[in-house]
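Presented below is the structure to which this report refers.
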Amino acid sequence: MDEVIELAIELKDGVADCRIEPASDEEGDYFTVTILYPELVNGYSRSEIFCHDLFYDPETNTWFLDNGETGIHPKIRQLERQISDEINRNLEQG
């Protein structure tokens, strides 16, 4: 899959916009996700930016966020399943 996936996830605080891009290296294929998470600062709507890699788990047929050096914020961890499902849906469609 070489296409970028755009995903909007409805939250109680607003909409989280996700851009999921395919990537690969010597260890294999994976996806990078950039998430613009809604946040209100001094009455103004701002977005927090989160960037993570997703790797495939063949046992569960899901994509999981790599903890990396900084870990995963719990509010981003809650989006993991929806992002994984969207990747799988796009892979099935071709």
Check your understanding: Does residue 35 meet the test of being assigned to a loop (DSSP other than H, G, I, E, B), surrounded by 14 or more Cβ atoms within 10 Å (Cβ to Cβ), in contact with a strand residue (DSSP E or B) (Cβ under 8 Å, 6 or more places away or on another chain) and not basic (Lys, Arg)?
Key -> no
Check your understanding: Name the residues in region 52-83 that are on the phi < 0 side of the Ramachandran plot and in a loop (DSSP other than H, G, I, E, B), would you?
Key -> 58, 59, 60, 66, 67, 69, 70, 72, 73, 78, 79
**Study point:** When residues of region 38-87 are limited to those that are β-branched (Val, Ile, Thr) and touching a Ser or Thr at 6+ places or on another chain (Cβ under 8 Å), the one farthest from residue 27 (Cα to Cα)
**Key:** 49
Exercise for review: Report the residue count in region 3-27 for those that are of a type in the set (A, V, I, L, M) and closer than 13 Å to residue 39 by Cα.
Suggested key: 3
Review point. Under 8 Å by Cβ, and 6 or more places apart or on different chains, what pairs join a residue from region 2-31 that is assigned to a loop (DSSP other than H, G, I, E, B) with one that is modelled with pLDDT under 95?
Key: 3/90; 13/38; 13/39; 13/40
Practice item. Report yes if some residue within region 41-51 is surrounded by 12 or more Cβ atoms within 10 Å (Cβ to Cβ), at pLDDT below 95 and either charged (D, E, K, R) or in a loop (DSSP other than H, G, I, E, B) (or both); otherwise report no. Key: yes
Exercise for review: Report yes if some residue within region 34-44 is touching a residue at least 12 places away in the same chain (Cβ under 8 Å), hydrophobic (A, V, I, L, M, F, W, C) and within 19 Å of residue 5 (Cβ to Cβ); otherwise report no.
Suggested key: yes
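The values are calculated or read from the model by the stated rules, or taken from the named source; none is laboratory data. On a predicted model such as this, the values are computed, not experimentally measured, just so you know. Positions of Cβ are generated from backbone atoms using ideal geometry, with glycine treated the same way; all protein chains shown enter the neighbour counts.
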